[in-house]
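Below is one structure, written out as structure tokens, with a few remarks after it.
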Amino acid sequence: MLHAGNEHVRPLLLKGRFGLEKESLRVTPDGYFAHTPHPFMGEEHIVRDFCENQTEINTPVVDSAHEAVQALQEYTVKIQKQLQTMPERELLWPFSNPPFIRNEADVPIAQFIGDMKAKTDYREYLSDRYGRYKMTLSGIHVNYSFADELLQADFALSGKQDFAAYKNSLYLSLAESAAAYGWILTALTAASPLTDSSFVEKGRFGEDEFSGMASVRCSELGYWNYFAVWYDYTDLKTYADSIRFYVNTGLLAAPSELYYPIRLKPPGRNDLDALVEKGVDHIELRMFDLNPLTVSGADERDLVFAQLFLVWLAAEPCRLPSIKAQVQAVQNFKNAAHYDLKTVKILLPDGEVASVADAGVKVIERMKVFYHDFPQDVQSVLDFELQKFLEPEKRYAWQVRTRFANSFVTRGMILAEQKQQEACCV
């Protein structure tokens with residue numbers, strides 16, 4: 001764990017690096033999926049996810065949450081400007097939940113050719129296994145790494161001889177702790193309470209559906225596998241082997257099919273062999289909804305909070321020693337995706353049962369104590385997040401439901417138009 005109280009380590013705690021992945025759907029002005037080919041071929045930082053019309057921004061790795069949001073905004077503007085000038089103008093849908101869907105054939109699987117054709121084949125497999133509707137759910141993945149300067153200062157106090165082993169151990173412990181407490185990020189960034197009726201019933205368009213979830217993609221209705229996952233956090237090899245087990249037994253076609261909110265990733269090529277060989281480079285948080293209330297799709301304060309959260313966990317780690325504890329941790333993530341956080345319960349690692357709202361308050365109060373001597377801007381971020389648990393109307397999901405109910409897609413398309421016009425004036 002991080003020696004957070006040490007005079008050489010504490011000033012470095014918030015030195016780290018961010019990289020964001022943001023998925024968004026290209027749509028036509030009438031609220032249906034675009035069926036044009038990906039218009040950003042050759043663009044390193046704008047790629048495709050599952051759908052051909054699902055653009056994904058991969059920002060450069062930067063040194064602060066502010067720079068990450070700036071990069072996200074710059075690429076979003078670039079996309080918007082190109083979509084506006086296409087022969088048949090398209091828009092960028094600003095929500096995690098999709099607009100109108102005619103049927104499964106209306107969801108265009110991303111098309112790769114030549115040496116890359118296996119990517120399309122894999123998407124066809126996912127389509128058969130999970131259905132294309134689910135694959136239209138979009139969000140943001142936050143990738144974070146501790147600065148080498150911080151790790152080297154902490155390594156000097158660890159008593160360990162091998163820096164690579166120390167670093168892997170720190171990230172493994174962090175991943176385990178984030179699995180125990182990461183539900184708080186789901187609760188704080190959920191922003192997708194509404195779906196169009198066509199998402200749940202073929203051929204029925206233009207009616208709002210509210211399932212009681214604040215985030216459909218993070219709830220039991222969203223991205224989860226059909227079996228309970230158990231990780232072995234003993235060391236990096238056993239961690240990787242515990243994932244390989246699901247592939248070797250046929251439960252997964254590939255490690256990337258493991259839909260879990262937390263991932264450890266190596267530098268460069270992302271596969272298990274590289275993870276074991278090269279070690280952990282960063283941790284990935286996969287539970288952030290698109291925030292339609294912002295310009296870029298992400299609120300900078302939420303990214304800063306994620307950083308504060310990960311540093312706190314690295315200094316005060318938590319174990320999930322049993323299959324039962326890990327299964328409960330997954331259920332906590334799903335429960336935190338509910339709309340009413342004062343009624344739904346979670347089971348904390350210490351055995352306490354509490355509402356998500358009450359548990360969230362307790363976690364942030366512990367974080368406020370941990371950061372008691374940090375600048376006021378840190379306390380302001382913690383207070384910003386705390387208010388979401390104390391006052392439900394401060395949550396994004398509440399604001400989205402209030403503003404976009406009674407014709408979700410129609411109101412959403414008005415917002416999409418506004419966002420494009422604003423972007424093209426930059």
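When we screen Thr76, Thr28, Thr36 for residues that are in contact with a Lys or Arg (Cβ under 9 Å, 6 or more places away or on another chain), of a type in the set (Val, Ile, Thr) and under 30 Å from Leu174 (Cβ atoms), the only hit is Thr76.
Residue by residue through the range 58-98, note down the ones that are hydroxyl-bearing (Ser, Thr, Tyr) and within 21 Å of Glu284 (Cβ to Cβ). Within the range 58-98, Thr59, Ser64, Tyr75, Thr76, Ser96 qualify. Here Phe40 meets the list (1) closer than 26 Å to Val426 by Cα; (2) part of a helix (DSSP H, G or I); (3) among the hydrophobic types (A, V, I, L, M, F, W, C) almost entirely, failing just condition (2). Put simply, of Leu290, Leu303, Leu310 the only residue that is crowded, with 20+ Cβ neighbours inside 10 Å, hydrophobic (A, V, I, L, M, F, W, C), out of contact with any Lys or Arg (no Cβ under 8 Å at 6 or more places or on another chain) and closer than 30 Å to Ile414 by Cβ is Leu303. The residue of the range 370-380 that is nearest to the chain's Cα centre (by Cα), among those that are in a loop (DSSP other than H, G, I, E, B) and not hydrophobic (A, V, I, L, M, F, W, C), is Tyr371.
Of the residues making up the range 318-348, those that are surrounded by fewer than 17 Cβ atoms within 10 Å (Cβ to Cβ) and in a loop (DSSP other than H, G, I, E, B) are Arg319, Pro321, Ser322, Asp340, Lys342, Thr343. What single numbered condition from (1) more than 19 Å from the chain's Cα centre (by Cα); (2) in a strand (DSSP E or B) fails to hold for Arg286? Looking at each condition in turn, Arg286 falls short on (1). Is it true that Ala359 is surrounded by fewer than 16 Cβ atoms within 10 Å (Cβ to Cβ) and outside any loop (DSSP other than H, G, I, E, B)? The answer is no for Ala359.
Being acidic (Asp, Glu), over 30 Å from Asn97 (Cβ atoms) and loosely packed, with under 15 Cβ neighbours inside 10 Å is a description that applies to Asp273. Scanning the range 381-397 for residues that are in a helix (DSSP H, G or I), touching a residue at least 24 places away in the same chain (Cβ under 8 Å) and under 23 Å from the mean Cα position of the chain (by Cα) gives Val381, Leu382, Phe384, Glu385, Leu386, Lys388, Phe389, Pro392, Tyr396, Ala397. Scanning the range 46-87 for residues that are outside any helix (DSSP H, G or I) and free of Cβ contacts under 8 Å to residues at least 24 places away in the same chain turns up Val47, Thr85, Pro87. Only one of the listed residues (Ala306, Ala329) is farther than 22 Å from Leu390 by Cβ, among the small types (Gly, Ala, Ser) and under 21 Å from the mean Cα position of the chain (by Cα). That residue is Ala329. Does at least one position in the range 245-261 carry a residue that is within 20 Å of Leu310 (Cβ to Cβ) and either touching a strand residue (DSSP E or B) at 6+ places or on another chain (Cβ under 9 Å) or loosely packed, with under 15 Cβ neighbours inside 10 Å (or both)? Yes, that holds for at least one residue. Scanning the range 84-94 for residues being in contact with a strand residue (DSSP E or B) (Cβ under 7 Å, 6 or more places away or on another chain) and surrounded by fewer than 22 Cβ atoms within 10 Å (Cβ to Cβ) gives a total of 1. A single entry from Ala354, Ala336, Ala315, Ala405 fulfils the requirement of being modelled with pLDDT of 95 or more and within 21 Å of the chain's Cα centre (by Cα): Ala336. A single entry from Val327, Val344, Val280 fulfils the requirement of being in contact (Cβ under 8 Å) with a residue 60 or more places away in the chain and farther than 28 Å from Asp154 by Cβ: Val327. Evaluated against (1) surrounded by fewer than 16 Cβ atoms within 10 Å (Cβ to Cβ); (2) among the small types (Gly, Ala, Ser); (3) at pLDDT 95 or above, Ser169 falls short on exactly one condition, (1). Out of Thr189, Thr249, Thr195, one residue alone is out of contact with any Ser or Thr (no Cβ under 6 Å at 6 or more places or on another chain), of a type in the set (Val, Ile, Thr) and free of Cβ contacts under 8 Å to residues at least 40 places away in the same chain. It is Thr249.
The values are calculated or read from the model by the stated rules, or taken from the named source; none is laboratory data. Because the structure is predicted, anything quoted here is derived from the model rather than measured. A quick note on method: Cβ atoms are made from the backbone with ideal geometry, for glycine too, and the neighbour counts reach across all protein chains shown.
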